[in-house]
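J.: My questions will all concern the structure given below.
The values are calculated or read from the model by the stated rules, or taken from the named source; none is laboratory data. Since the structure is predicted, the reported quantities are computational estimates derived from the model, not experimental observations. Because the Cβ atoms are built from the backbone with ideal geometry, glycine has one as well, and the counts that use them run over all protein chains shown.
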Ligand code: GDP
Ligand code: GDP
C-alpha cells in the first residue's frame, strides 16, 4: 500500500470505516405535537422545515441517517403519524410499539410545558416492557425558566429528563451525548446473539399484494384474519415457519395479518411497519402484484430494503391470473421500473394455487449467500488489475485516474473500498460494480463500493 502513495493508517482507517455493518437504530417516540419531527430534523441536521401543519400527512421515508460525535446511526421518525380511528392512546401506543421494536435505543419526547399525560404514562409502560435503553427528552424548554418543568418529569421513572429545545437546539448536544452512551455500536438484532439462529425474513409489499395469503400458504395452515379494534394493539410477532427442511423466522407477521383500516396516516403506518420489519430482517421478500402495474409504492418498498442493506428477493404474486398480454407488459415494466435490482432473484408465484412455492426457499438462500459472500483480497486485486488494464478509466483533464487496489471491508451486505489515484466517475463505478457481480455472483444483495482517492 505504502508504495502506491497511501499511508497504512489511511488504508486501515478507510477499511475500518467501510467495514461497519448495519447502523444501530434510534427511535424517536412520543405523543403528537411534542416536537418529535422538529427534534429529528435537528438530529439529522436537516435545514429545511419538514414539520407539517396538517395532521395525518403521509411520508414515505421514516428512517434517516445521522451522525453525532463521529458515530453514525439511523433515526426512525415517528412524527408523521397522527391520531386515527383507534383513538389517540391506542394510536400513539401502536406507533411507539413498532418503532421501539425496530430500535436499539429510544428517545422518548415529552412536552415539558404540558407535563406528563396519561398517554405519556402508557408509552412509559411500553418502554419498560421492551427493555430498550431510553433517553428522556423534556422538550420545549426554550430557556432557563423552563428547566423546572423538565425536572417534574423525573416522576416518569425513566431517569434524568434532558431539558431540550428542539426548535432552537438548546440542550440537544447533551441529550445526544447521552444517546451515544446507551446506543449500542451495532444493531443487536442483526449482529447480536441472533446470528446462527434461524434466518430472519421480512415479507413486505404494498397492501393487497397477497402477503397474508402467501404467509398462510407457506405456513401450511389457514389463519384467522384478525380484525382488531381500539386498544388491542399486540406485540409484533415473529413467527417460526418450517420451509424446505429449515426453520425461518418471519419477522413481524402480526403486522401482516393485522387488519386495522386506518383512515388517516394509514400509508405512513404501513411504511413504518415495513421499515421496522426490514430493520429486523436479514433478507426481504418483496411481494409484487403481477396482475397490477408496478407502482411507485412497489419501488419505494424495494428501495427501503436495498438502502437498509438487506438481501432481496422479488416475488411476483397472483401469477394464476395473468394472461399472455399482461405477461408481456409485466416484463417491460420490470425492465423500466425495477431495472436497478436486476440482481435480485425472482420467483413467479401464486399464493392462491401454490404455484412455485417450492422456489421461494432456494431464492432466499441464493440471496443470503450473495449477501455473505467474501472475496479474498488476492483474488479481488487480480481481478481489478486485469479489469483496469483492459478497461481503463477515461482520461480527464490530461490525467487518467486509476484504481490501484481494493479490499472487501465487510459482508452482509458486501462492502468494498477501492483506492484510486484520482476521482473515479460514477459511470466507471457502476461499471466496476457490474463486473464485480459478473465475476463473483452477489446475486440478491446490494453491494457498497466506496472509493478513496490518494491526496
Ligand atoms: P411531532 O408531532 O411530535 O412530530 O411535533 P412537531 O415536531 O411537528 O412539533 C409540534 C409543534 O411544536 C410545532 O409547531 C413545533 O414548531 C413546536 N415545537 C417543537 N419543538 C419545540 C421546542 O423546542 N420549543 C417550542 N417552543 N416549540 C417547539
Ligand atoms: P395483503 O394485504 O398483502 O396481506 O394481501 P392479502 O393476502 O389479503 O390478499 C389480497 C387479495 O388478493 C385477497 O382477496 C386474496 O385472496 C387475493 N390474492 C392473494 N394472492 C393471490 C393469488 O396468488 N392469486 C389470486 N388470484 N388472488 C390472490
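J.: For the list (1) farther than 17 Å from residue 294 by Cα; (2) touching a strand residue (DSSP E or B) at 6+ places or on another chain (Cβ under 8 Å), I need the number of the one condition that residue 341 fails.
T.: (1) is the only condition that residue 341 fails.
J.: Another question, if that's okay. Take the residues in the stretch 173-223 that are modelled with pLDDT of 85 or more, out of contact with any helix residue (DSSP H, G or I) (no Cβ under 6 Å at 6 or more places or on another chain) and in a loop (DSSP other than H, G, I, E, B), then tell me which one is farthest from ligand 1 (Cβ to nearest atom).
T.: Among those residues, the one meeting the criterion is 198.
J.: With the condition kept exactly as written, say whether any residue in the stretch 333-356 is in contact (Cβ under 8 Å) with a residue 24 or more places away in the chain, exposed (fewer than 14 other Cβ atoms within 10 Å of the Cβ) and within 16 Å of ligand 2 (Cβ to nearest atom).
T.: The answer is yes, given that some residue of the stretch 333-356 is in contact (Cβ under 8 Å) with a residue 24 or more places away in the chain, exposed (fewer than 14 other Cβ atoms within 10 Å of the Cβ) and within 16 Å of ligand 2 (Cβ to nearest atom).
J.: I need a count of the residues in the stretch 365-422 that are part of a strand (DSSP E or B) and closer than 26 Å to residue 309 by Cα. Quick ask: steps written out before the conclusion?
T.: Step one: list which residues in the stretch 365-422 are part of a strand (DSSP E or B), which gives 396, 399, 403-410, 415-420.
When the remaining residues are screened for being closer than 26 Å to residue 309 by Cα, the result is 403, 405-410, 415-420.
Final tally of qualifying residues: 13.
J.: Here is a check on your reading of the model: is residue 159 touching a strand residue (DSSP E or B) at 6+ places or on another chain (Cβ under 7 Å), modelled with pLDDT under 95 and either in a loop (DSSP other than H, G, I, E, B) or within 12 Å of ligand 1 (Cβ to nearest atom) (or both)? Full working, then the answer.
T.: On the way: touching a strand residue (DSSP E or B) at 6+ places or on another chain (Cβ under 7 Å): yes; modelled with pLDDT under 95: yes; either in a loop (DSSP other than H, G, I, E, B) or within 12 Å of ligand 1 (Cβ to nearest atom) (or both): yes.
Yes: the conditions hold for residue 159.
J.: Suppose we keep only residues that are touching a strand residue (DSSP E or B) at 6+ places or on another chain (Cβ under 7 Å) and part of a helix (DSSP H, G or I) within the stretch 134-148. Which one would you say is nearest to ligand 1 (Cβ to nearest atom)? First the steps, then the outcome.
T.: Taking the stretch 134-148 and keeping what is touching a strand residue (DSSP E or B) at 6+ places or on another chain (Cβ under 7 Å), we get 134-141, 146-147.
Filter once more, so that each one left must be part of a helix (DSSP H, G or I): 146-147.
Working: 146: 9, 147: 13 Å.
Top of the filtered list is 146.
J.: Additional query: When the stretch 306-332 is examined, which residues are found to be away from ligand 2 (no atom under 12 Å from the Cβ) and over 24 Å from residue 202 (Cβ atoms)? Break it down into steps so the answer makes sense when it comes.
T.: So in the stretch 306-332, the residues away from ligand 2 (no atom under 12 Å from the Cβ) come out as 306-314, 323-332.
Result: 323, 324, 325, 326, 327, 328, 329, 331, 332.
J.: Working only within the stretch 147-187, note down all residues that are buried (at least 19 other Cβ atoms within 10 Å of the Cβ) and without any contact (Cβ under 8 Å) to a residue 40 or more places away in the chain.
T.: Once the filter is applied, which keeps residues that are buried (at least 19 other Cβ atoms within 10 Å of the Cβ) and without any contact (Cβ under 8 Å) to a residue 40 or more places away in the chain, the stretch 147-187 yields 149, 150, 162, 165, 171.
J.: Kindly indicate whether residue 361 is touching a strand residue (DSSP E or B) at 6+ places or on another chain (Cβ under 7 Å) and closer than 30 Å to residue 454 by Cβ. Show your work before the answer.
T.: Values: touching a strand residue (DSSP E or B) at 6+ places or on another chain (Cβ under 7 Å): yes; closer than 30 Å to residue 454 by Cβ: no.
Judged against the criteria, residue 361 is not a match.
J.: Step by step: first the residues of the stretch 104-133, then only those that are surrounded by fewer than 24 Cβ atoms within 10 Å (Cβ to Cβ) and in a strand (DSSP E or B), then the one that is farthest from the chain's Cα centre (by Cα). Which residue is that?
T.: Step one: of the stretch 104-133, the residues surrounded by fewer than 24 Cβ atoms within 10 Å (Cβ to Cβ) are 105, 111, 113-122, 124-133.
From the residues that got through so far, the ones that are in a strand (DSSP E or B) too are 105, 111.
On the way: 105: 15, 111: 28 Å.
Ranking the candidates gives 111 first.
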